[in-house]
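Just below is one structure, and these are the notes that go with it.
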Amino acid sequence: MITLSQTLNKLGLQAIKNQTLRYCRSEMGKEAISDLLPSTTKLRIQKDMLCTHEMMLVLQSGEAYPSEHQPEIRSYLKRVRIEGTVLSLASFQDLLSIATLSRRMKKFFKQREENFPELIDIAQMLIPMKDLEDHIQSKISDRGELKNDASPELQQLRKSLSSKRNQLRSAIQKALKRAQKEGMSGDEGATIRN
C-alpha cells in the first residue's frame, strides 16, 4: 500500500516547496508553504488555481504591485499584550511598514476588482489602519528617530538638553580663548562631538 508521504515524495512536493520558499517575502508565507499539503476537494483546487492564475497575471502585467519587504511583527503583537511593555523604535517602523503595505495591497486589488475577483476576496481580509500609520509617522521620523515633538515632555527635555549643550560649548570656547591669550593653547578651536 502506498502512503500519502510516498505519493507526495513521488510528486516532488518537497522540491516544489523548496523552490517556492526562495520567493517568499515573509516568515508567515514561509510557514504557510512549509505546512502546505495538496488540496483534495475539487472546489478548493479550482479556487486555488484561479487565485494562482490571477496572481500570475498581476506579476506579468508589470504594474507596480505593492510587495516590498514584509517584516515579522507577530512577536511585537504578542509583547504589547503585556501591560507596561515598551517596544523599540525599530518595531514601530516594522508595524508602520506592515500597516502601510496592507492598505496599499487592499487598494491595489480594490482598483482592479473586476480583473481579480478571487484575489479581492483575500484582500478584503486586510484591515487598513491609516490612523495607526499617521500616529506612528507623527512620532517617528523617516530616519527612524523619535521626533522632538513626539510628546511635550520629550520636546521640553530635548530643548533643555540643547540649551545645556550651547552653554557648555560657550564655556569651552571662553576657556579656550583665555588659554590662547595666556599662550597655553594653539590657534585651533575645540571640537565637540555628540
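The figures follow:
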quantity	calculated
Residue match in segment 36-53 (condition: within 30 Å of Asp94 (Cβ to Cβ), touching a residue at least 40 places away in the same chain (Cβ under 8 Å) and part of a helix (DSSP H, G or I))	yes
Within segment 84-143, tally of residues that are among the basic types (Lys, Arg), in a helix (DSSP H, G or I) and surrounded by fewer than 18 Cβ atoms within 10 Å (Cβ to Cβ)	5
Among residues of segment 1-30, those that are over 29 Å from Asn115 (Cβ atoms) and among the charged types (D, E, K, R), counted	2
Of all residues making up segment 34-67, the number that are under 23 Å from Lys110 (Cα atoms), small (Gly, Ala, Ser) and surrounded by 12 or more Cβ atoms within 10 Å (Cβ to Cβ)	1
Cβ pairs under 6 Å, 6+ apart, first in segment 58-77 and touching a residue at least 40 places away in the same chain (Cβ under 8 Å), second part of a loop (DSSP other than H, G, I, E, B)	Val58/Tyr65; Gln70/Arg25; Gln70/Ser26
Selection within segment 54-65 - in a helix (DSSP H, G or I) and among the aliphatic types (A, V, I, L, M)	Met55, Met56, Leu57, Val58, Leu59
Close pairs (7 angstrom Cβ cut-off, 6 or more residues apart or separate chains): loosely packed, with under 11 Cβ neighbours inside 10 Å and basic (Lys, Arg) in segment 1-24, assigned to a helix (DSSP H, G or I) and modelled with pLDDT of 90 or more anywhere	none
Checklist (1) in a helix (DSSP H, G or I); (2) touching a helix residue (DSSP H, G or I) at 6+ places or on another chain (Cβ under 8 Å); (3) open to solvent by 60 Å² or more (accessible area, probe 1.4 Å); (4) closer than 21 Å to Ile122 by Cα applied to Glu31, failing item	(2)
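The values are calculated or read from the model by the stated rules, or taken from the named source; none is laboratory data. It should be emphasised that the depicted structure is a prediction, and the values quoted were computed from it without experimental measurement. All Cβ positions, glycine included, derive from the backbone under ideal geometry; neighbour counts span all protein chains shown. All accessible areas refer to the heavy atoms of the entire protein, side chains included, with ligands and DNA or RNA removed. Shrake-Rupley method; radii C 1.70, N 1.55, O 1.52, S 1.80 Å.
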